[in-house]
Amino acid sequence: MTAQDTDDITPPRDPAAFARPRGRGIGIVAIIALCVICVALGFAGSQIADWLAPKPAPAPQPTAAAPPGLDRPASLPAPVLAGAPPTEPTATVPTDYADLELRLANIEASQQRTLVAAGAALAAAGLAEAAQTSRPFEAELAALERILPLSPDARALRPMAETGVPSRAALAAEYADIAARASTAAREPGEGAGVVDRILFALSGIVSIRRVGETTGSSPDAVLARAERQAAEGDLVGASSTLRALPPGAATAMTAWKARAQQRITLDQHLANIRAQALSDLASAGGARP
């Protein structure tokens, strides 16, 4: 080893040579602090600028497309496709509550009229069936009067309902005996009759002989026979009209029967009027439109 090499590795003897160079550490710290401050100022400035700047409106969110025809106003008609057949206009639903209430009131009134008319028709049928017999029919008439209290035909039946009216079958059955007495009365001799005629008339009171098969001519027996056939057929109007041709004596003998037959005729006429009115009301109520 040479002397020059020994000098190179010998430490310096001056203490100042071991001290840190002045000024280099403070400058680096200052530069780093300045950079931090610049970054902080830049970040703060951007935040202030974003806060002061106007915010753009949010972009509209995409919505699902509505099915065709749903986004049109209810009052606009649907488009007509080319070549499609014309469609009938659909009825619009009323939105006026007053109109709906009026329609409901009309429907309720129509239903009420139908119920009343149907009840009257049933009551009239029950009354007609009961009145065909000779027994009283007060209960059936009362049922009808509860539904039709103002019916003049129903009020006219009140006296007949309490006692009943002879049926057509009863009138036809009792006709023969009354007609026999009428035939005898028709043979009563006048004031100028002889003794023989008076004797024959007295005997006819014991045994009544009437020619029932003779229906032609104007004799009392022929008149009585024609009326008897009409009564058997139920034609009381025709029988009463035929009996008008009897002579006074025979006509007097048939007075009671004719009065009873007239009761049945009157009763049947009132019943026919009641049935016709009830059926007419039922048809009108069923055909009414609110």
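The values are calculated or read from the model by the stated rules, or taken from the named source; none is laboratory data. As the structure is a prediction and not an experimental result, all values here were calculated from the model. Ideal geometry is used to build each Cβ from the backbone, glycine not excepted, and the neighbour counts take in all protein chains shown. Areas reflect the complete protein model, heavy atoms only, side chains present, ligands, DNA and RNA absent. Shrake-Rupley method; radii C 1.70, N 1.55, O 1.52, S 1.80 Å.
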Taking residue 171 as the residue in question, decide whether it is modelled with pLDDT of 95 or more and either within 23 Å of the chain's Cα centre (by Cα) or on the phi < 0 side of the Ramachandran plot (or both). yes
Contact list, first residue from region 235-246 and under 19 Å from residue 219 (Cβ atoms) and part of a helix (DSSP H, G or I), second anywhere and of a type in the set (Asp, Glu) and open to solvent by 20 Å² or more (accessible area, probe 1.4 Å), beta-carbon distance below 9 Å, six or more apart or interchain, is 239/228; 239/233
Identify, by number, the condition in (1) at pLDDT 95 or above; (2) open to solvent by 60 Å² or more (accessible area, probe 1.4 Å) that residue 248 doesn't meet. (1)
Given the conditions (1) of a type in the set (Gly, Ala, Ser); (2) at pLDDT 75 or above; (3) in a helix (DSSP H, G or I); (4) farther than 28 Å from residue 118 by Cα, report the number of the one that residue 161 does not fulfil. (4)
What do you reckon, is residue 280 surrounded by fewer than 15 Cβ atoms within 10 Å (Cβ to Cβ) and assigned to a helix (DSSP H, G or I)? yes
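Listed here are the residues, each with its yes/no results for (1) open to solvent by 40 Å² or more (accessible area, probe 1.4 Å); (2) modelled with pLDDT of 80 or more; (3) among the aromatic types (Phe, Trp, Tyr).
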| site | (1), (2), (3) |
| --- | --- |
| 188 | yes, no, no |
| 195 | yes, no, no |
| 208 | yes, no, no |
| 221 | no, yes, no |
| 232 | yes, yes, no |
| 238 | no, yes, no |
| 273 | yes, yes, no |
